[in-house]
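Please treat every number below as a calculation from the coordinates, not as lab data. What you are looking at is a predicted structure, and each value in this text was computed from that prediction instead of being measured. Note that each Cβ is placed from the backbone with ideal geometry, even for glycine, and that neighbours are counted across all protein chains shown.
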Amino acid sequence: MQKYISIRLFATLNRYTPDTADSYPVRPGTTVRDLIDQLGVPLTEVKLIFIDGVKGDIASALNGGERVGIFPPVGGG
Amino acid sequence: MNDLQNRIAALATSGRLPDGTSYRRISVEDTVRLSTAFGVPGRDVEIAALKAGTTPERYVRNMKTFSLDEQIILLRSRVGIFGLGGLGGAVTEILTRVGIGTLRLIDGDIFEDSNLNRQFLSTPDLIATSKAAAAAQKVRQINPSIVVEQYNENLNDSNALSLIENSDVAVDCLDNVPSRFSLEHAAKQIGSPLVSAAVAGVSGHVTTIFPEDSGLELIYGESDRRPLKGVETSLGCLPQAVTLLASVECSEVIKILLGKGDVLRNRLFFVDLVSNTMDVLQLLTVS
C-alpha cells in the first residue's frame, strides 16, 4: 500500500527538493538510501539524517508518516 | 576591601525599574573611578557592589532574569572564545555586555575584505590587523570592567590545552572541522563544557558538549569520514544566520554557568532561514 512522508532538504541540498516534498510517496520498507537515490542527491553530499527529529542513517527504513530531514555538512564560523 | 565597600555605599543611589521595583544602583562612571582608585578590575568593584545589594546600573536590565548572586557568578566566570570571526565577534559582544567577568579571546588571523559582510569586529580600517586585538579593544570600549586575556594564536593540537586552561566554558566559533575536534579534545581533558556552533549560508546548528558526552562525532562522524569544511565553502556565511547562532551559543554559555535552564546536550539546535525551519534534533539514536 502506498504511504507518504514529508521531506526537507537543507542548504545546498535544497535544490533536490521534489514538488511533492510535503506528501512524497514511499513503499513501506524504503530505506533512506533508496530515497536519496530516488531524489538524485549525491550520497557524498549527505552528512546528517533526521527522522521525526531523531538522528537516523542511510539504512533507516521508512514506513510512511515520517518527517525526514537531510543535511549537508556545515562547518563555517 | 572594607574601604571599597564603604565607598560603594556612599556612591550608591536609589533607582526604580519601569515596573516600579526599587533598587540601589552604582553608575558606570563611579565603577570606573573606584576601579582606578583601588587598582582593581572593574569586575571586582561590581562584585563588591552586588554583594552589598547594589546593582551596577549597566546590568540593571539583566535584573529580572538574573539574581544579584547570579550576576556575581557571571562576573566571576572565565569564558574562552575560540575564533573571533562571524560567530566569535558576535559572541564576544554579547558576553561582554551581559557581564562575563573574564573573556579569553583566541584567534591568530587578521581581517580580510571578505570578512566585512558578517564579522562585527571588522571595519575597513582594521583590514590586515589582528582579530584578537580588535576583539580585546572592543571589549574594553563596551565594558571596561571585563578582564581580557588576548591570544593571537590559532588553536591546534599542541597549544589547545594551554589556551583552554582555567576556562569555565569554551565557545567553539571556529571555521573548520579539524580545529573543532582539537578544541573538543582539550575541553574534555580539562573537564570544561563546550558550546559549538557552525554556519553555512543561512543555515546552521548549535550543540552543547559536556566532557562525558559523545559530542562532535555525532555531527561530523568518525575521523575517517570527517570533512575539513562544510558547504559554507560554496554558500558562504550570512550575517543574519551567524548572529542568530551566536546568540544561541551565548544563551547556552549563560545557562551552563548558572546551572539553570535546558541545555542542548546530545541535541542539535538547527535553523534554516530559507524555509524558516527551527528545530531541536536528537543526536542520539534510540536503540
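Evaluate 2.2 N^0.38 Å with N set to the residue count of chain B, then give the Cα radius of gyration divided by it.
1.05
Excluding the site residues themselves, the longest part of chain B lacking any trypsin sites (Lys or Arg not before Pro) in a DSSP loop with at most 14 other Cβ atoms within 10 Å is B:65-259. Counting 0.36 nm for each residue step from residue B:223 to residue B:129 and taking away their Cα separation leaves a gain of 30.4 nm. For segment B:172-287, the equivalent ellipsoid built from the Cα gyration tensor has semi-axes of 21, 18, 14 Å, listed from largest to smallest. Dividing the radius of gyration of the alpha carbons in segment B:2-60 by their Kirkwood radius gives 0.97 for Rg/Rh. Across segment B:4-16, computed HN-Hα scalar couplings (Karplus, 6.51 cos²θ - 1.76 cosθ + 1.60, θ = phi - 60°) run 4, 4, 4, 5, 4, 4, 6, 8, 5, 10, 8, x, 9 Hz from first to last residue, x flagging Gly and Pro.
For segment B:213-281, GluC sites (Glu not before Pro) are listed when DSSP marks them as loop and at most 11 other Cβ atoms sit within 10 Å of their Cβ; the list is B:222.
On full extension, the segment bounded by residue B:189 and residue B:3 gains 62.8 nm, given 0.36 nm per residue less the C-alpha separation. Extension gain, residue A:37 to residue A:63: 0.36 nm times the residue separation minus the Cα-Cα distance gives 7.6 nm.
Counting only Cα atoms, I'd like the Rg/Rh figure for the protein assembly as shown, Kirkwood definition for Rh.
1.05
Segment A:1-71 and segment B:163-225 have Cα centres lying 27 Å from one another. Size estimate for segment B:1-142 follows the Kirkwood approach: the inverse of mean 1/r over distinct Cα pairs works out to 16.4 Å.
Size of segment B:97-185 from its Cα atoms: along the principal axes, largest to smallest, the extents are 35, 31, 18 Å. Residues considered: B:40, B:79, B:271. Largest GNM mean-square fluctuation over chain B, using C-alpha springs under 10 Å, is found at B:40.
Ignoring lysines fewer than eight residues from residue A:55 along the same chain, the ones with Cα atoms less than 30 angstrom from its Cα are A:3, A:47, B:188, B:229, B:255, B:260.
A convex hull fitted around the alpha carbon atoms of chain A yields 86 Å³ per residue.
Amide hydrogen proximity for residue B:108: with H placed 1.01 Å from N in the peptide plane, the residues at 5 or more positions away or on another chain lying under 5 Å are B:153, B:154, B:155. Which of B:198, B:135, B:12 moves most in a GNM of chain B, Cα contacts under 10 Å? Evaluated over chain B, the most mobile residue of the options is B:12. Hey, in the GNM for chain B with a 10 angstrom Cα cutoff, which one of B:190, B:94, B:254 fluctuates hardest? Highest fluctuation of the listed residues: B:190.
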